[in-house]
Each structure stands twice: as structure tokens, then as C-alpha cells.
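Working notes for the structure below.
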Amino acid sequence: MRQLTMPTTSLKTATNKTFIAGTIAFLFLFLLTGCSGDPQLHQQADKNKTNLDAALTHAQSIGVPNTLLQSIVQQEQQLTQTNAPLSVFSDQNANSYYTNLAQRYQALTTQVRGLTSQSTQQLDYQATLDLQSLEGILAQRQAQGFVEAKTFADQLTQYQDQMAQAQYPKDYIQISQKARSSASALHLMGPAYDNIKALQQTIQQLQASHLDVTALQQQAAYDLQLFRTATLPQDFTNLNNQLNTQLQETVTFSAQAIPYVGAAKLKQFQADITTLTQYGQDTASYQKALNNDQAALNKAVSFSDFLRVSAQIDNDVSAVQVPMTEGQASYLVKQFHQEVTTWGNAHLYHDSFNGQNYTLDYEYDQQGIGSDLDVALQSAQTIDDYQAVIDLANNDMLNLKAMETDYSDKTAWDQPHTTDAQLMKNFNATTGQVIVISLIEQTLRLYQDGKVVKAYQITSGQFDKPSVPGFWHVFLRQSPTKFKSSEPKGSAFWYPDTKINFAMEYHDGGYFLHDSWWRVNYGPGTNYPHYDTGGDESFSGNGSHGCINMQEDQINWLYHNTAYGIPVIIY
């Protein structure tokens, strides 16, 4: 048998291949098990990621908007998709990676916490503004005599109580949504009421034409019931749509009454033109339209003729509403300014400190709420805008007249005043606690169910920085706090950072009731330049920058014995 032998060259080649394959496998295994960094740094990165996840979960659970957190979530996702670099001979690259990863997670966690704090503050402020807006439209509806406003007054009290307990963004978001819904409902209340009155008037006109209106009266009574129980914007919207349909169907169905209805509309059109004339507006074009409408109504024969004329009258009556409301607003603003000027010039305060004379009603002049009224009028465009100016002018005139009356009232400053009672009744604040501040007396009186509980002499805003008359509510309470000047250093109104022990904000823009430990004198005259006496020493003093200044022990008592949301009437 022949013996086979492997060539020496083939044997060497096989051995080399085996060695190379083993070396490659060893290197691959070494790379897989090579340097992966310090385990502690890896653990710290994982821990920081866990902290970030916890912070995000917490922020989402308390209602921080997802739009604020989205960028951070995306950044975290990008970080989780990265890997540590492999290094055969050194841990340095891996260590740097995990150190940087831990820092990135920690920085994102800090951002989440910052966004949580920022979101809470912003939503808190927005909720406060929404409550103030609700408060404003509610006061208007109450002044207009809507008994249905009581439901919304109860809602406002509920929202204010919730505001006092609110802590998280979701709390403030919920309060804002509720306040906006209630405010929207109150805005829609006016048009709904106007439609109800229009339907009732139409029914009366039809009844005067000897038509059977029994079914229409039943429908109107049902509409009124819906109006009195409505609490949501959609309730009033649905009611308005229903009323508009009923009005259209009523006019269409009762063709025989249209001539009478047209005559009534023309009568109203004439009344509007007369009103417009009283406000000093040009009425020539409207008078011409009225004459044309009257002639067209006289010539109408068919049902379609009456419908066409009626529609034209509606358009003409609608066209006069904006200038009429604008004219009324301008007229009332002008009346208000005239009253401020006339009364102020006749009632001056002579300041013995500097020999100057000051008007006693300066809070209502151009440096006070008079300028706010002008701005509102100048920016008004719609009927609602001008109606808001009318309401504001009426409220300002009401407070001004109350101040004028109080000037002649000889009742002791610490006793109930007639003007206080009238204003509390007007603002529907006759029950519970109410703070009433008389600027002419420089006095604060705290009422409980119409009875004076406490009375303090105060110092209000100086001539160039007057306090704001009106009907407000305390929406922020701080004890202690630090006031920082909004004026630049060097300004006459700049002041250094000042510690305040008790502060109750009643109007946005930093209008507080607070202690003024630097003062000695309070009461009449202290809102003007004066000598403030301190024992054997005297120093010059003046009124505040718009806040209501009080003795520390007095505001201390007031702070601890009144609640968040307490009404504040300043006149």
C-alpha cells in the first residue's frame, strides 16, 4: 500500500490560517469585553435619567402643558439612542461619554423644574386676569339689574375659593377655563335678553292687531325660563339661535301684522335719530333713510312688499346703532370730564406745606382714571366696545358723585356713611365683609353685613400717583414681601427695595393695601405734601405711589381677619 504524505508547504499554510483565525477571534472577543468606562459614571448617568423621567412625570401630572415639555422629551429620546464609544486601551472616551450624558440629563431635569415653576406662575397670573375679567362683566350685569347674575356671582365666589387653594398649573388652567366660560356666558346674556324683549314686543304688536298670540306667549315664557336657568355660553348661544328663528317665523307667519310692525320700527328709528341729535351727531343721512322707508311702507301692497320694506327698515335701524352708541359714549365721557373739572375747581385743597392748591377729585382727572376712560373711548370700534365705555363712564360718575356727597357728610369718620351703603348696594355687596375706602376722608371702613367692624385712617396715592377708584377684589396676599421700584433710579418716584410686612393686592399693576412703617401721620391731608411728625422731629412726606398705606398693627389685623377675594370699594 502506498503511503500518502502531505506536502510541507500545505501543512504550513493550514497552520498559518489556524493561527490567524484564532488571533482574529481573540481580538474580536477583546474588543467586545474591552474598556467600557467607569461603572459608577454609568450608574450616575442612569440615575440622572431616572430623575429626569420622574421630573417629567411630575410636571405632566400637575398639568404643565405638553407643548412646554415636548422639546425636553425629544432631547431625552435623542440621548437614549446614543451609545458609549468602545476603546481597547483606555476608558477615557467612555468615561467622558457617561459624564457628559449625566450632565445632560441633569441639565434637562433643571429645565423641567424651571418650566414647572414658570408655568405655575404664568398660569396663576392668567387665572387672576380671567377672574378680574369675569368680575368686571359681572359688575356690569349686576348694575343693569339682571337678577340672573346672582348665579354667576356665586360661581365667582367659588372660583375665588378655588384660587386660594390652587397650587398646580392644572388648578389654574381649570379656574381660567371656568372663569372664561362664565364671562362668555355673561357677555351673551345681553344679546339674549334683547332678543327676548324684541320677541315680547313683537307679540304685543301682534296682539294689538287682534291676532291670536296664545302659542307665541307660551313660547316666550319658555324662552324666559331658559334664559333664567342658562349658565353656559352654549346655553345662551342656543337660546339666541332659537329666538332669532322664532322672530323670523313670527313675522313671516303673521303677514297681516307687518304694516303695524313696520310702523313701530319706524317709530323706533325716529327715536334713535332724536337720541343721536341729542349727542350732537350728524343725522341728515339717517333722516333721509327714515323718510324713504316711510314712503316705501305707505306704497307697500303685497306680502313681499312688506317683507322687503321691513328688511330695509331693519338695516337702517341697525346702521344707526353704532354711531348712536358711540355718540352716547362720547357724550358721557365729556359729561364726566366736565363734572370733574367743575367740581374740582370749586373744591381745592390749599397745602400749607408748599403753598400749592390741589383739586380734591384729582383721582378722577387725567392723571387718574380720566385718562383710562379716554383710552377706552379712543380704542373702541364695535357696539360692545362703546357699550363698555358707557358702563365704565357711568360707574366712574357714580363713584365721583359719591365722593362729592361724602365731602359734605359730617358723619364721624369711624361711623357708617350713607355713600358707603349706596355703593355697596349698587355693587351688590351688602352681605359679608366689604372694605370701603373714602379718598376724600382718607379713611378705610370694614363692613360686615352692612355694619362697621373697624375703621382706620389711611394715606392714599399722591397727586401725581393717585389711587384707583372703583369696585375691586383682593386677589393676592403676601406676608412678608419686598417691594421693588418699577421706576429707574434717579426718578422722583424711585425707591429702594422695601420690606413690607402685610400686603393685599386689589388691582393689577401693583395696587396694594399695605403697612407703611416709615409714616407717622395718616388721615386727611396726608395724601398731599406735608410734614410728617415723629416725636420731636418732623420730615417732609407725601401720599403713596397709588397704594393704600396703613399703620402696621392695623393692616396686621385686617390681613388676619379678612379673606382672599374680599370686595374693595374705593371712591
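Annotations for the structure displayed:
- Among the conditions (1) outside any helix (DSSP H, G or I); (2) farther than 16 Å from THR430 by Cα, the only one that ASP130 does not satisfy is (1).
- Cβ pairs under 8 Å, 6+ apart, first in the range 405-432 and without any contact (Cβ under 8 Å) to a residue 12 or more places away in the chain and over 15 Å from LEU446 (Cα atoms), second open to solvent by less than 40 Å² (accessible area, probe 1.4 Å) and part of a helix (DSSP H, G or I): ASP409/THR419
- Subset of the range 371-404 (residues that are hydroxyl-bearing (Ser, Thr, Tyr) and either in a helix (DSSP H, G or I) or open to solvent by less than 10 Å² (accessible area, probe 1.4 Å) (or both)): SER371, SER379, TYR386
- Check on THR277, farther than 30 Å from ILE440 by Cα and either modelled with pLDDT under 85 or in a helix (DSSP H, G or I) (or both): yes
- Candidates ALA164, ALA230, filtered to the one that is buried (at least 16 other Cβ atoms within 10 Å of the Cβ) and closer than 30 Å to TYR125 by Cα: ALA230
- Condition met for PHE483 (under 30 Å from ILE137 (Cα atoms), open to solvent by 10 Å² or more (accessible area, probe 1.4 Å) and of a type outside the set (Lys, Arg)): no
- GLY368 vs. criteria open to solvent by less than 50 Å² (accessible area, probe 1.4 Å) and either at pLDDT below 95 or closer than 30 Å to VAL520 by Cβ (or both): yes
- For the range 20-49, filtering for residues that are hydroxyl-bearing (Ser, Thr, Tyr), loosely packed, with under 12 Cβ neighbours inside 10 Å and either at pLDDT 50 or above or farther than 18 Å from ASN93 by Cα (or both) leaves 1.
- Here ILE435 passes the criteria (1) more than 22 Å from ASN561 (Cβ to Cβ); (2) under 23 Å from the mean Cα position of the chain (by Cα) except the one numbered (1).
- Among (1) farther than 24 Å from CYS547 by Cβ; (2) surrounded by 14 or more Cβ atoms within 10 Å (Cβ to Cβ) - the single one ALA346 does not satisfy: (2)
- Summed over the range 510-523, the residues that are surrounded by fewer than 15 Cβ atoms within 10 Å (Cβ to Cβ) and in contact (Cβ under 8 Å) with a residue 40 or more places away in the chain give a count of 1.
The values are calculated or read from the model by the stated rules, or taken from the named source; none is laboratory data. The model shown is predicted, which means the values in this text are computed figures rather than measured ones. FYI the Cβ positions are ideal-geometry reconstructions off the backbone, even for glycines, and counts take in every protein chain you see. These accessible areas exclude ligands, DNA and RNA; they are computed on the full protein's heavy atoms, side chains included. Shrake-Rupley method; radii C 1.70, N 1.55, O 1.52, S 1.80 Å.
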